[in-house]
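The values are calculated or read from the model by the stated rules, or taken from the named source; none is laboratory data. These numbers come from a predicted model, not from an experiment. Using ideal geometry, Cβ is built from the backbone for each residue, glycine included, and neighbour counts are taken over all protein chains shown. Remember, those area values only see protein heavy atoms, side chains included, never the ligands or the DNA or RNA. Shrake-Rupley method; radii C 1.70, N 1.55, O 1.52, S 1.80 Å.
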Amino acid sequence: MSRDLAFAPDAPRRLNPVQAVWLSLRPHQWTKNLVVFAAPALSKHLFERGPLGQTVLAFVVFCALSGTVYLLNDVADLERDRLHPNKRLRPIASGALSPRSAVAVALALGLGSLAASAILGGEFAVCAVAYLALNVAYSFRLKEIVILDVLSISIGFVLRAVAGGVAIPVPISDWLLVCTLLLALFLALAKRRHELVSLNTSAVGHRKILAEYSPYLLDQMISVVTASCLTAYAFYTMAPDTVQKYRTGRLAWTIPFVLYGIFRYLYLVHQKEKGGSPTDILATDRPLLVNVALWALTLVWIVYTSGGNPMPLLR
């Protein structure tokens, strides 16, 4: 069951202000910010006290930034959300939280998180500002421009990955950025397809950009991105510089997990008509959740038991 359906239509109006704000921050979506742990983990510094603390702070900052964006996005989409069968239950759309209060909280949270980002250095602060600016632009304009809408979502994930690297800081692999971009684009396109198919004739009323897409077009895009993502990940694990860095070719052992994960997601999208929320799918589909956990554990085991030295810290 969707988290938006976890409370009845009248429930949001009975929420106190703190509960309404908390739900609007969408904490169940914060798992997306775990991307900031990728570069520190691959650098072999993640379990050191200093880098781990910096990475956790980076994660917290991006959770706050994400919450800021969700508040502003819900204010921008207020009227359209009221037409959606699930999103009409969100605190702002239902009236449990006023748009004025939401904007005030968003401004305070956004400024506070940007101030906190300066603790991790100028480069991290630039990533934080860029992420917030991109998502504000997405909420008020970019989501209405075909193709740029899904690319904007994907670039947001790339900025998270870059932020994780500069938070320590360590050199960031181009392969990490490419794989992150392609995987995020895959998820964004799958979400658009789910919205278009599940909402049927009311899809355009909810999100105008859906008029520019069709299931066939999205399926073609998903096919291209799927193949590109799998190829890029395979090349990364077997690239000479990767093998030299970790002094092992065992990273290729993780390719089957990636294959299964993407194929399982496609199965859920096409056969089970899911895909509207990647975080909800990950939380509710046990085979996919187990696969992701096994992939992460295997990757960390290979990286931290290989003969390669930790990557040099840049400061």
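So if I check each of VAL69, VAL105, which one is β-branched (Val, Ile, Thr), crowded, with 21+ Cβ neighbours inside 10 Å and in a helix (DSSP H, G or I)? Matching residue, one of VAL69, VAL105: VAL69. Please verify whether the range 132-141 includes one or more residues that are in a helix (DSSP H, G or I), modelled with pLDDT under 95, surrounded by fewer than 23 Cβ atoms within 10 Å (Cβ to Cβ) and basic (Lys, Arg). No, the conditions are met nowhere in the range 132-141. Out of the residues in the range 190-217 that are aliphatic (A, V, I, L, M) and at pLDDT 80 or above, state the one that is surrounded by the fewest Cβ atoms within 10 Å (Cβ to Cβ). Checking each candidate, the answer is ALA211. Checked against the criteria, ASN309 does not count as of a type outside the set (D, E, K, R) and assigned to a helix (DSSP H, G or I).
Let me confirm something: among THR31, THR55, which residue is surrounded by fewer than 20 Cβ atoms within 10 Å (Cβ to Cβ) and hydroxyl-bearing (Ser, Thr, Tyr)? Result: THR31 is the single residue among THR31, THR55 that is surrounded by fewer than 20 Cβ atoms within 10 Å (Cβ to Cβ) and hydroxyl-bearing (Ser, Thr, Tyr). Of all residues in the range 52-75, those satisfying the criterion of being of a type in the set (A, V, I, L, M) and over 17 Å from TYR131 (Cβ atoms) are LEU52, VAL56, VAL75. In a residue-by-residue description of the range 212-231, the property of being in a helix (DSSP H, G or I) and under 19 Å from TYR138 (Cα atoms) applies to at least one position.
Residue pairs whose Cβ atoms lie under 6 Å apart, separated by 6 or more positions or on different chains, with the first residue in the range 136-149 and hydroxyl-bearing (Ser, Thr, Tyr) and the second open to solvent by less than 50 Å² (accessible area, probe 1.4 Å), are TYR138/SER152; SER139/LEU72; SER139/ASN73; SER139/ALA76.
Of the residues making up the range 243-295, those that are at negative phi and basic (Lys, Arg) are LYS245, ARG250, ARG264, LYS272, LYS274, ARG286. The numbered conditions (1) outside any helix (DSSP H, G or I); (2) under 30 Å from LEU297 (Cβ atoms); (3) open to solvent by 20 Å² or more (accessible area, probe 1.4 Å) are all true for HIS84 except (2). Kindly indicate whether any position in the range 171-180 is out of contact with any Cys (no Cβ under 9 Å at 6 or more places or on another chain), without any contact (Cβ under 8 Å) to a residue 24 or more places away in the chain and open to solvent by 40 Å² or more (accessible area, probe 1.4 Å). Yes - at least one qualifying residue is present in the range 171-180. Considering the conditions (1) among the polar types (S, T, N, Q); (2) touching a Gly at 6+ places or on another chain (Cβ under 9 Å); (3) more than 18 Å from CYS229 (Cβ to Cβ), SER173 is excluded by exactly one of them, (3).
To keep it simple, each residue is scored yes or no on (1) open to solvent by 60 Å² or more (accessible area, probe 1.4 Å); (2) aliphatic (A, V, I, L, M).
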residue	(1), (2)
PHE235	yes, no
MET238	yes, yes
TRP253	yes, no
PRO256	yes, no
TYR260	yes, no
LEU268	no, yes
PRO278	no, no
ALA296	no, yes
ILE302	no, yes
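Residues of the range 63-81 that are at pLDDT below 90 and either within 17 Å of the chain's Cα centre (by Cα) or over 14 Å from SER101 (Cα atoms) (or both): ASP77, GLU79, ARG80, ASP81. Taking first residues from the range 283-306 that are among the aromatic types (Phe, Trp, Tyr) and partners that are in a loop (DSSP other than H, G, I, E, B), the Cβ contacts under 9 Å between residues at least 6 apart in sequence or on separate chains come to TYR304/LYS44; TYR304/LEU46; TYR304/PHE47.
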